[in-house]
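Below is one structure, written out as structure tokens; the observations come after it.
The values are calculated or read from the model by the stated rules, or taken from the named source; none is laboratory data. Note that the structure is a prediction, hence the values are computed from the model and not measured. Counting neighbours? That spans all protein chains shown, and the Cβs are built from the backbone with ideal geometry, glycine included.
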Ligand code: SF4
């Protein structure tokens, strides 16, 4: 247990304060159900323009369909600038069953990823870092608004239907998730014990909060 509550911690934080904040955010990520969480230095997040460009080049079905994906997101240059100002980044992950990831249930898993990013963003903001923002993965149109014809923000000029859950996808900012997992020692693929088959394959879903 932490012996210090970092809420309302001033922006001018010392090394010790950041350590307390890091531990607090990691603890909160686990409390929300994350399978892994760690605070890292912002310069440990590798951003690649070419990865962000893949969204259009690969004709991802999320491209241009919501506010969480290119070309609506601010992109790699913007994220690099934010990371340069940030004292730390909280990364978190879920190890999800590959079988589910390849089924129609996958949107529930991505929904959990978005909601966790949004919750941790809120926790970081309440701790005094009011410009913190969460990033997740996957298109919020597919995840939260599949029952609607189109994104209410993008095509109707209205408010987001899921402002407390939907967060931008890391892909559109060029975040190299594989590299991030390597930095953290998180395997992209693993297995968990399963009473029926013995071992069941899992894959990593990651998100982050840029604490700012
Ligand atoms: S309205 Fe739906 S599709 Fe549009 S940004 Fe919000 S969650 Fe995403």
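Key figures
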{"quantity": "All positions within the range 68-88 that are under 21 Å from residue 155 (Cβ atoms) and surrounded by fewer than 16 Cβ atoms within 10 Å (Cβ to Cβ)", "calculated": "71, 74"}
{"quantity": "Condition broken by residue 59, with the remaining ones in (1) more than 18 Å from the chain's Cα centre (by Cα); (2) on the phi < 0 side of the Ramachandran plot satisfied", "calculated": "(2)"}
{"quantity": "Every pair of residues 6+ apart whose Cβ atoms lie under 8 Å, when the first sits in the range 134-163 and is free of Cβ contacts under 8 Å to residues at least 12 places away in the same chain while the second is surrounded by 12 or more Cβ atoms within 10 Å (Cβ to Cβ) and in a loop (DSSP other than H, G, I, E, B)", "calculated": "152/145; 152/160; 152/161; 156/150"}
{"quantity": "Pick from the range 155-170, criterion more than 6 Å from the ligand (Cβ to nearest atom) and surrounded by fewer than 18 Cβ atoms within 10 Å (Cβ to Cβ), ranking: nearest to residue 121 (Cα to Cα)", "calculated": "164"}
{"quantity": "Index of the failed condition, residue 31 passing every other in (1) surrounded by 15 or more Cβ atoms within 10 Å (Cβ to Cβ); (2) modelled with pLDDT of 95 or more; (3) more than 30 Å from residue 198 (Cβ to Cβ)", "calculated": "(1)"}
{"quantity": "Residue count, the range 138-149 (criterion: near the ligand (Cβ under 8 Å from one of its atoms) and out of contact with any helix residue (DSSP H, G or I) (no Cβ under 6 Å at 6 or more places or on another chain))", "calculated": "6"}
{"quantity": "Some residue of the range 83-105 being in contact (Cβ under 8 Å) with a residue 60 or more places away in the chain, over 29 Å from residue 17 (Cα atoms) and in contact with a helix residue (DSSP H, G or I) (Cβ under 7 Å, 6 or more places away or on another chain)", "calculated": "yes"}
{"quantity": "Qualifying residue in the range 120-137 (condition: crowded, with 24+ Cβ neighbours inside 10 Å, more than 26 Å from residue 23 (Cβ to Cβ) and within 16 Å of the ligand (Cβ to nearest atom))", "calculated": "no"}
{"quantity": "Residue match in the range 89-102 (condition: surrounded by fewer than 23 Cβ atoms within 10 Å (Cβ to Cβ) and under 11 Å from the mean Cα position of the chain (by Cα))", "calculated": "yes"}
